[in-house]
Amino acid sequence: MPIVKSIALFGLAAAAEIGGAWLVWKAVRDSSPWWWAALGVVVLGAYGFIATLQPDAHFGRILAAYGGVFVAGSLVWGMVMDGFRPDRWDVIGALICLAGVAVIMFAPRQS
């Protein structure tokens, strides 16, 4: 169950960080209402709390692994929310990042 919990938390964290940043982006770059930026800041703050719920106790490991999730999640967010179409190099890069996440988070370690 810890792997399933970790993956679910990474998904939730990605939605919070990417979604919050997207709300700020839309307010600043695309003239969406000002309150989108304020909501984005709140959602970004929620990301910080979500990350603390990961089963692993090492901040550096969690944030390093999350970087790979952020790369892949950002491409997916762009596809869904903005109609972005990644090219094969985007996809290959995201897969490499996710492989790194798997190694960082789920490789067998001695206790």
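Could you provide, to the nearest whole Å², the per residue accessible area of the chain with probe 1.4 Å?
Ligands and nucleic acids excluded, the result is 64 Å² per residue.
For the chain, take the longest principal axis of its alpha carbons; what is the angle in degrees between that and the long axis of helix 34-51, to the nearest 10 within 0 to 90?
10
Using the crude model of +1 on Lys and Arg Cβ and -1 on Asp and Glu Cβ, and no other charge, please compute the dipole size for the chain relative to its Cα centre, in debye to 20.
The calculation lands at about 160 debye.
State, as an integer percentage, the relative contact order of the range 1-50 based on alpha-carbon contacts under 8 Å between residues 6 or more apart.
Answer for the range 1-50 is 40 percent.
Amide H of Ser32: which non-local residues (sequence gap of 5 or more, or other chain) have their own amide H closer than 5 Å, using H built in the peptide plane?
Distant-sequence amide H within range of Ser32: Ala27.
Kindly express, to the nearest 10 degrees and within the range 0 to 90, the angle between helix 59-82's C-alpha long axis and the longest C-alpha principal axis of the chain.
The helix 59-82 is inclined about 40 degrees to the chain.
Leaving out ligands, DNA and RNA, and with a 1.4 Å probe, what % of the accessible surface on the chain is carbon or sulfur?
After summing per-atom areas, the C and S share lands at 74 percent.
Quick one: net charge around Met81, please, counting Lys, Arg +1 and Asp, Glu -1 for every other residue with C-beta under 15 Å from its C-beta.
0
Can you figure out the FRET efficiency of Phe59 with Val28, using R₀ = 25 Å and their beta-carbon distance, to the nearest 0.05?
The formula returns an efficiency of 0.30 here.
Counting helices only, and only those DSSP H runs with n ≥ 4, report the 222 nm mean residue ellipticity of the chain as the sum of -39,500 (n - 2.57) divided by its residues, in deg cm²/dmol to the nearest 500.
That calculation yields -28000 deg cm²/dmol at 222 nm.
Output the direction-averaged projected area (hull surface divided by four) of the convex hull of the alpha-carbon atoms of the chain, in nm².
Its Cα hull, projected and averaged over all orientations, spans 7.6 nm².
Considering only Ile92, Val24, Gly60, whose Cα is most displaced toward the positive end of the charge dipole of the chain, charges sitting on Cβ of Lys, Arg (+1) and Asp, Glu (-1)?
Gly60
The values are calculated or read from the model by the stated rules, or taken from the named source; none is laboratory data. This one's a predicted model, so the numbers in the text were calculated from it and none came from an experiment. Backbone-built Cβ (ideal geometry, glycine too); neighbour counts: all protein chains shown. What goes into the accessible areas is simple: the full protein's heavy atoms, side chains included, and nothing from ligands, DNA or RNA. Shrake-Rupley method; radii C 1.70, N 1.55, O 1.52, S 1.80 Å.
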